[in-house]
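Everything on this sheet refers to the single structure shown next.
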Amino acid sequence: MQSVLASIDLTEIVLLAASLLVTGALAGFVAGLLGVGGGIVIVPVLFYVFTLLGVDEDVKMHVAVGTSLSTIIATSAMSMRAHWRKGAVDVPMLKRWAVAIILGVVAGTLLAASVKGLALTAVFGTVALIVSFHMGFSKPHWRVSDHPPRGVVEQVIAAGIGMVSAMMGIGGGTLSVPTLTLFNYPIHRAVGTAAAIGFLIGVPGTIGFVVGGLGAEDLPPFSFGYVNLLGLALILPTSMALAPYGARAAHALPTGRLRLAFAVFLFLTGLRMLASSLG
C-alpha cells in the first residue's frame with residue numbers, strides 16, 4: 001500500500017504534526033481535570049485527521065479508538081498519581097471493580113473488532129450526548145441511592161463501564177464519574193478514582209485493539225494493528241506534561257464549574273461524532 005502521506009506536502013505534514021501536539025496538550029489537561037483520560041478529545045480529533053488523510057472508512061474509527069486507548073495508559077497514570085497525592089483515589093472501590101472492568105474491556109474490544117467503523121462512531125456520539133445531558137441538567141440532589149451499590153449490581157456497572165469505554169476509546173471517567181455522582185459520591189473523589197479506572201481500561205484495551213487490527217487492510221501508515229504509532233508519538237508527550245496541571249485545576253474549581261466543563265466537552269464532541277455516523 002502506498003503511504004497516504006506521500007500525497008501531501010511538507011506544509012501539510014507540519015500542520016498535521018502541530019495539530020496533534022496541540023491535541024495532546026488539551027487531552028492531557030482534560031485527563032487531569034475530568035478524569036477521562038483525554039479520549040473524549042483524542043478520538044474525534046483523530047477521526048477527522050484520518051478523514052482528511054483519506055484513511056479508509058472501515059478502519060479510521062477503529063484506529064482513532066485504539067490510538068486513544070494507547071495514550072490513556074500514560075496520561076491516566078500521570079493523572080492518577082496527582083490525584084493520589086491529594087487522597088482522591090478510592091482504593092477499596094478500585095480493588096472491587098478491577099476484575100469486572102478488565103472483563104468488560106475485553107468484551108468491548110472483541111465487539112469493536114466485529115462491527116463497522118460507523119457503529120463505533122455512533123456509540124461514541126450517543127453515549128457522550130446522554131452523559132452530557134445528565135451532567136449539564138441534573139440537579140445536585142438527584143440520587144439513585146445514598147451510596148454506591150455492592151455485590152452483583154456493582155460488578156455489572158463496572159463491567160459495563162469497561163465495555164463501553166473500550167468501544168469509545170475513553171478512560172472510563174465519562175461513565176464512572178456521572179454514575180458515581182448518582183450514588184451520592186463526591187465529585188472530586190469520583191474524578192480521582194476515574195483516573196485510576198482509565199489505566200485499567202487503557203492497558204487491556206490497547207492490547208485488544210492491536211491484536212484485533214493485525215492483518216487489517218488499508219490502515220494508515222505507522223499503524224500497529226489499530227494503534228497508530230505516529231499519532232501516539234506526537235500526542236503522548238504533551239498529554240503527559242499537561243495532565244498534572246489539569247488535576248491541580250480540578251481541585252481548585254468548585255463542583256458546579258467542574259460538572260459544567262465536563263458536560264460541555266461531552267456535548268460538543270458527542271454531537272459532532274453522532275452527526276458523522278449519520279452521514
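The values are calculated or read from the model by the stated rules, or taken from the named source; none is laboratory data. Values in this document were obtained by computation on a predicted structure and should not be read as measured data. When we count neighbours, we look across all protein chains shown, and the Cβ atoms used for this are built from the backbone with ideal geometry, even at glycine.
Pairs linking a residue in the stretch 183-207 that is at positive phi to a residue that is at pLDDT below 90, with Cβ atoms under 8 Å and 6 or more positions apart or on different chains, are Asn184/Arg143; Asn184/Ser145; Asn184/Asp146; Asn184/His147. Return yes when Pro92 is more than 21 Å from Phe47 (Cβ to Cβ), in a loop (DSSP other than H, G, I, E, B) and over 15 Å from the mean Cα position of the chain (by Cα) and no when it is not. No. Restricting to the stretch 61-86, what's the tally of residues that are at pLDDT below 85 and not basic (Lys, Arg)? Qualifying residue count, the stretch 61-86: 9. Within the stretch 128-166, the residues that satisfy the criterion of being at pLDDT 85 or above and over 19 Å from Ile101 (Cα atoms) are Leu129, Ile130.
Could you tell me whether any residue of the stretch 205-216 is in a helix (DSSP H, G or I), modelled with pLDDT under 85 and within 26 Å of Arg81 (Cβ to Cβ)? No, the conditions are met nowhere in the stretch 205-216.
Among the residues of the stretch 153-186, count how many are assigned to a helix (DSSP H, G or I) and crowded, with 18+ Cβ neighbours inside 10 Å. Give the derivation first.
The first filter runs over the stretch 153-186 and keeps only residues assigned to a helix (DSSP H, G or I), leaving 153-168, 173-182.
Restricting the remaining residues to those that are crowded, with 18+ Cβ neighbours inside 10 Å gives 155, 157-159, 161-168, 173-181.
Residues in the stretch 153-186 being assigned to a helix (DSSP H, G or I) and crowded, with 18+ Cβ neighbours inside 10 Å: 21 in total.
When only residues in the stretch 220-265 that are β-branched (Val, Ile, Thr), over 15 Å from Phe50 (Cα atoms) and touching a helix residue (DSSP H, G or I) at 6+ places or on another chain (Cβ under 7 Å) count, which is surrounded by the fewest Cβ atoms within 10 Å (Cβ to Cβ)? This residue is Thr255. Taken together, the criteria place Val227 among residues that are over 30 Å from His147 (Cα atoms) and either touching a residue at least 24 places away in the same chain (Cβ under 8 Å) or of a type outside the set (S, T, N, Q) (or both).
Scanning the stretch 106-125 for residues that are over 17 Å from Ala216 (Cα atoms) and more than 14 Å from the chain's Cα centre (by Cα) returns Val106, Ala107, Ala119, Ala122.
Against the numbered list (1) free of Cβ contacts under 8 Å to residues at least 24 places away in the same chain; (2) in a helix (DSSP H, G or I); (3) not small (Gly, Ala, Ser), Leu111 comes up short only at (1). In the set (1) touching a Pro at 6+ places or on another chain (Cβ under 9 Å); (2) part of a helix (DSSP H, G or I); (3) not hydroxyl-bearing (Ser, Thr, Tyr), Val55 fails one condition alone, (2). The set of residues in the stretch 187-219 being β-branched (Val, Ile, Thr) and either under 27 Å from Pro244 (Cβ atoms) or crowded, with 24+ Cβ neighbours inside 10 Å (or both) consists of Ile187, Val191, Thr193, Ile197, Ile201, Val203, Thr206, Ile207.
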